[in-house]
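Contents: one structure, followed by commentary.
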Amino acid sequence: MNGIAFRTAAGENAVVTTLSVLHRLAPTDRAENRLTASMCVAVAVIAVFNLADIVTTRAVLARGAIESNPLASFLLTGHRVELVKVMVLLALIYRVPRRTPTIAFHALLWFVAGFYALTVLSNLLVLQRIG
C-alpha cells in the first residue's frame, strides 16, 4: 500500500495515501470550477470582440457610413464608447471570478459574446460593401 502510516491521537492506526491528500487539496466541485473558468473565457472573448467592434465601427464610419444606433452615435463622439466598454469589462473582470457561477449567467455571457461576434461580422460585411 502506498501511503504514510501513523497513529491518531486516539491510538488508532491510520494510513494517508497520496491520492487522499491530493483529493483534499483539489477543488471540491469540479463542475463549479469548470463553469467559472468558462465564464472567465467568455469575458475574455467579449473583451476581444468589443475591441474588434470599436476598430471595425471606426473603420466603417471613416468610410462615410452613419451610425444608426442613436445611443452608440452619441457615445462614439469624444471616445465615450471606449470608456463605457472599458468600465463594463472591468466590472465583469472583477465580478465574474467572485460570484457563484450559475448556468443562466454563463449562458448570458456567451450570448453577449455571440452578439458582439455578429456585430463585428456585420461591420466587416459593411466594410466589404463600401470598399
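If the viscosity is 1.567 mPa s and the temperature 4 °C, what Stokes-Einstein diffusion coefficient in µm²/s follows for the range 29-130 when Rh is the Kirkwood radius over Cα pairs? List each step's numbers first, then the result.
Details: Rh = 14.8 Å.
So the translational diffusion coefficient is about 88 µm²/s.
Over the Cα atoms of the range 69-117, Rg to Rh with Kirkwood Rh, two decimal places?
Rg divided by Rh gives 1.07.
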- Note on the structure: Scoring the range 29-130 by relative contact order with C-alpha pairs under 8 Å, at least six apart, yields a percentage of 57 percent
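Just so you know, all these numbers are worked out from the coordinates, no wet-lab data involved. Everything quoted here is computed from the prediction, not taken from an experiment.
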